[in-house]
Amino acid sequence: MATHKPTHPKLSLLAGLPVDVTITNIVKHEHCDELYVSFSTPQQRSCPHCGSNDCVIKGPKRKQTVRHIPHAQRGTIVTLFKQRFLCKACCATFYEQPQWLHPSLHMTQALFTTLVLDLTQMLSITMIARQNKIKVLKRISYGLHSFETFRKE
Ligand SMILES: [Zn+2]
């Protein structure tokens, strides 16, 4: 398992991630490449439960790993750390939800968009999963099909 410390500031664009996401490390696994990323937490936080902006940071960040679009025929996963917040108005806690992450499936929006576009082609689910270097864990309904992606291998 080799690690590589990237330095170029626009590496995230090459990797299909927003420019404000910084790749802090790349770990090569046998079956995939893992990108560790950091990003700044927005100043304005709205509570997803009541809409209040009176929210404060609560506790440490939580690690999350999601699937991402493949790069150079290699499967890619992204590991990030999400901040938890407490809403002072309704006392609910919630995690920040970066726009480039799919809100419920464990994947980036970039991969989700790719999968949805692939589904408009005459391709089998198996073929789509193979070319995106993911595995179909179970099929849940999203339009005609959907995907649940794999954990880190
Ligand atoms: Zn609230």
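Taking the conditions exactly as written (more than 23 Å from K28 (Cα to Cα), of a type outside the set (F, W, Y) and crowded, with 18+ Cβ neighbours inside 10 Å), does L115 satisfy them or not? Taking the combined requirement at face value, the residue satisfies it.
Any idea which of (1) within 11 Å of the chain's Cα centre (by Cα); (2) away from the ligand (no atom under 16 Å from the Cβ) is the one V116 doesn't satisfy? So V116 meets the others, but not (1). Residue pairs whose Cβ atoms lie under 8 Å apart, sitting 6 or more positions apart in sequence or on different chains, and linking a residue in region 62-74 that is within 14 Å of L14 (Cβ to Cβ) and touching a residue at least 12 places away in the same chain (Cβ under 8 Å) to a partner that is part of a strand (DSSP E or B) and hydrophobic (A, V, I, L, M, F, W, C), are H68/L35; H68/I77; H68/V78; H68/M107; R74/C32.
Per the listing V66, V56, the residue uniquely in a strand (DSSP E or B) and surrounded by fewer than 15 Cβ atoms within 10 Å (Cβ to Cβ) is V56.
Of the residues that make up region 53-66, is at least one in contact with a Phe, Trp or Tyr (Cβ under 6 Å, 6 or more places away or on another chain) and within 20 Å of V27 (Cβ to Cβ)? The answer is yes; a qualifying residue exists.
Kindly indicate whether L80 is modelled with pLDDT of 90 or more, under 26 Å from L13 (Cα atoms) and either more than 16 Å from the ligand (Cβ to nearest atom) or assigned to a loop (DSSP other than H, G, I, E, B) (or both). So L80 passes the test.
The residue of region 39-53 that is farthest from the ligand (Cβ to nearest atom), among those that are farther than 26 Å from T79 by Cβ and out of contact with any strand residue (DSSP E or B) (no Cβ under 7 Å at 6 or more places or on another chain), is N53.
Checked against the criteria, K88 counts as within 16 Å of the ligand (Cβ to nearest atom) and not acidic (D, E).
When P98, P103 are checked against the criterion of being outside any helix (DSSP H, G or I), without any contact (Cβ under 8 Å) to a residue 12 or more places away in the chain and within 15 Å of the chain's Cα centre (by Cα), P103 stands alone in meeting it.
With E96, E34 as the choices, which residue is surrounded by 16 or more Cβ atoms within 10 Å (Cβ to Cβ), within 16 Å of the ligand (Cβ to nearest atom) and closer than 29 Å to N132 by Cβ?
None of the other options fit; the residue is E96.
The values are calculated or read from the model by the stated rules, or taken from the named source; none is laboratory data. From a predicted model like this one, the values you see are computed outputs, not experimental measurements. Note: ideal-geometry Cβ built from the backbone for every residue, glycine included; neighbour counts use all protein chains shown.
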